[in-house]
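Each remark here refers to the structure printed beneath this line.
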Amino acid sequence: MLVVLALTALASFAGAVILAWSQPLPPAAHIHLALSVGVMPLILGAMSHFVPVLTRSGAPAAGVQSIPLLALAAGTLAVFSFIAPNPAYYFAALLALAATSAFAGWIVKRGKSALGKPHPCLYWYLAAIACLMLALAVVAAMALWPEQRLALKRLHLHLNTLGFIGLTAIATLQVLLPTAVGRPDSQAATRLRQDLKWALGGTLLIAVGAAWFKPLAWLGTLLWVLPILRLGQAWLRLYRTEIRQLHGVAPVLAVALAGFFATLLFGVLHAVGVLLPIDSAHAFILAFLFPLVTGAVSQLLPVWLKPGPQTVWHGQIRQRLQWGGGIRGLMFFGGGLFLAGGWRGGMILAVVALVLFLVQLISTAKTLLNWSD
Ligand code: HEM
Ligand code: HEM
């Protein structure tokens, strides 16, 4: 199922680019195609894979595994409600809220019954889901409080991008990169334990600040910068050699971290009117989300295809998918920077990198089919 969700996410990214170029629709349509059809179900699916690892417990029941599919249905409904404008997004928000509440309940249950103390990454996931739930409730509130619609939209979008996606990503990166490199980061758990308050506090302040009172957003950005700088410093100390390669997953995951830092900077710049907010929203997707998702997929896809002990087969698939990882990452980042500055041609760089990755995926799938003959 995770493989299907990963492919759906990549297809939704490609679809979002095509939709944005070919149809004069409100940005909410293609933004939700990428984020609520692609990213939201993939994150829930990936969490259902990681939570048992973090709590040293067994695979989730079928009911829990179907939650990402409910979210996918809700996300798809939301996109349709923006393409052919109608208020079905209220229903979509309530459906996604029901699905994520059940998911939060499952994480809490797994955390309580964990053998020993759960890994601190679990609390970041809970905080991320709480931000998503709040963001969805905010959509419902738009119906009750129409005169506050713009403020509520700002609250919703910052809670989702910095909270739901940001918290999940920054926590996962701290576990994923050391595993991929094969050398542990002994401080990761301590950092995760200490830094959640800054990242979550930063998200809430930015979201409320963007909606109603800008000075809170400045303070929130300062708080979020702390964990990012600490993580960046640790990675440069521990994994500098791996990060500076042209191939592999380390460079592309490092670009994702740099992309998140750049996103915070673009946030400050659009808050003061130097950049257009919509350009920074696109830059967030290009410079941060694309390297994050393609990097994570290139590392995790073999495990999702064949769970269990790691073999030469897993290594070979990874090598194929991670070929050119550093170059791809830089193309995404460069595209994001150009787009943030208002030069739409930056999109081409990112699209070429995305197409290259899709070609790598297809050629790997072909090889897999040949092997199974
Ligand atoms: C089923 C789930 C969702 C529903 C029903 C929903 C609904 C909405 C609505 C009603 C708006 C305001 C649109 C407008 O007034 O133009 C909006 C804006 C936005 N949402 Fe969502 N949303 C969902 C999920 C998400 C997710 C998961 C993300 C990101 C991770 C996200 C990011 C955004 C962004 C960036 C905007 C601003 C778009 C713009 O400026 O036009 N949404 N959403
Ligand atoms: C994931 C990163 C971010 C994305 C995708 C994003 C996106 C957006 C969008 C689309 C809007 C316009 C909403 C509208 O008025 O229609 C907006 C407004 C705003 N954002 Fe962000 N933003 C991000 C990060 C930040 C950060 C880090 C800050 C911190 C300073 C920030 C502060 C603000 C403020 C203050 C506004 C309101 C601007 C105004 O009053 O004109 N944003 N953002």
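The values are calculated or read from the model by the stated rules, or taken from the named source; none is laboratory data. Note that this is a predicted model, so its numbers are computed, not measured. Note: ideal-geometry Cβ built from the backbone for every residue, glycine included; neighbour counts use all protein chains shown. To get the accessible areas, we keep the full protein, side chains included, count just its heavy atoms, and leave off ligands, DNA and RNA. Shrake-Rupley method; radii C 1.70, N 1.55, O 1.52, S 1.80 Å.
Worth a mention:
- Probe 1.4 Å, all protein chains present, accessible-area order of S113, S66, largest first: S113, S66
- Where only DSSP H runs of four or more residues are counted, the chain gives -26000 deg cm²/dmol as its mean residue ellipticity at 222 nm, each run worth -39500 (n - 2.57).
- All-pairs Cα distance distribution in the chain, expressed in whole percent, bin size 20 Å: 30, 63, 8, 0
- Take the Cα of Q310, step 7 Å toward its Cβ, do the same at S57, and the gap between the two points is 2.6 nm.
- Average Cα contact separation per residue, segment 1-118, under 8 Å, 6 or more apart, as relative contact order %: 27 percent
- Ranking Y125, Y90 from most to least accessible surface, computed with a 1.4 Å probe over the protein chains only, gives Y90, Y125.
- In this structure, the residue pairs whose Cα-Cα separation is over 24 Å, taken from K117/K197; K306/K366; K109/K306; K153/K214, are K109/K306.
- Rel. contact order, % - alpha carbon contacts under 8 angstrom, at least six apart, the chain: 11 percent
- Looking at the chain, the accessible area is 44 square angstrom per residue; that uses a 1.4 Å probe and ignores ligands, DNA and RNA.
- Carbon + sulfur, % of accessible area of segment 68-187 - ligands and nucleic acids excluded, 1.4 Å: 72 percent
- Taking all pairs of distinct alpha-carbon atoms in segment 1-118, Kirkwood radius in angstrom: 15.0 Å
- R193 accessible area, 1.4 Å probe, all protein chains in place, Å² to nearest 10: 140 Å²
- Computed over the chain with a Gaussian network model linking Cα atoms closer than 10 Å, the most mobile of H282, H32, H314 is H314.
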